[in-house]
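Engineer: Handing you a structure now.
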Amino acid sequence: MRSAYDIILRPVITEQSMEAVEEKKYVFYVLHTATKPEIKAAVEEIFGVKVEKVNTLRNDGKVKRQGAYPAGRTASYKKAMVKLTADSKTIEFFESMV
């Protein structure tokens, strides 16, 4: 069984994700095999909040190259956008970023 800290890899800190914090939406990079129920349980366990909804997004790495050959790829990743319930507390980690 994977622990909650194995599922949630790190938060996504971008302008767009920081604007969503006001609406209690938070974005995390997650393990590529994690399911929505696992992500929900992990966020609730780590931060002590109530999760209303989880949306996920998988991105394949872009093809990059230096010179003519060998072509390589950047890393693939999976993101989870987590929306908290209206009566849930906020995640303090993100509050210090805004």
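So that you can scan it fast, the table gives a plain yes or no per residue for (1) within 21 Å of Ile13 (Cβ to Cβ); (2) among the hydrophobic types (A, V, I, L, M, F, W, C):
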position	(1), (2)
Thr33	no, no
Glu38	no, no
Lys62	yes, no
Gln66	no, no
Pro70	no, no
Thr74	yes, no
Lys78	yes, no
Val82	yes, yes
Glu92	yes, no
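Engineer: Lys40 fails exactly one of the following numbered conditions: (1) open to solvent by less than 60 Å² (accessible area, probe 1.4 Å); (2) under 23 Å from Ser96 (Cα atoms). What is the number of that condition?
Structural biologist: Tallying (1) open to solvent by less than 60 Å² (accessible area, probe 1.4 Å); (2) under 23 Å from Ser96 (Cα atoms), Lys40 fails exactly one: (1).
Engineer: Might you let me know whether the stretch 18-25 holds any residue that is surrounded by 15 or more Cβ atoms within 10 Å (Cβ to Cβ) and among the small types (Gly, Ala, Ser)?
Structural biologist: Yes, that holds for at least one residue.
Engineer: Continuing with the same structure: Tally time: how many residues in the stretch 84-94 are closer than 14 Å to Lys53 by Cβ and open to solvent by less than 50 Å² (accessible area, probe 1.4 Å)?
Structural biologist: Going through the stretch 84-94 one residue at a time, the tally reaches 3.
Engineer: Within the stretch 70-83, does at least one residue satisfy the condition of being surrounded by fewer than 11 Cβ atoms within 10 Å (Cβ to Cβ) and in a helix (DSSP H, G or I)?
Structural biologist: Taking every residue of the stretch 70-83 in turn, none turns out to be surrounded by fewer than 11 Cβ atoms within 10 Å (Cβ to Cβ) and in a helix (DSSP H, G or I).
Engineer: Take Ile13 and tell me if it is within 12 Å of the chain's Cα centre (by Cα) and in a helix (DSSP H, G or I).
Structural biologist: Answer is no for this residue.
The values are calculated or read from the model by the stated rules, or taken from the named source; none is laboratory data. Keep in mind that what you see is a predicted model, and the values were worked out from it rather than measured. Glycine gets a Cβ as well: all are built from the backbone with ideal geometry, and neighbour counts include every protein chain shown. Accessible surface is based on the protein model in full, side chains and every heavy atom, while ligands, DNA and RNA are left aside. Shrake-Rupley method; radii C 1.70, N 1.55, O 1.52, S 1.80 Å.
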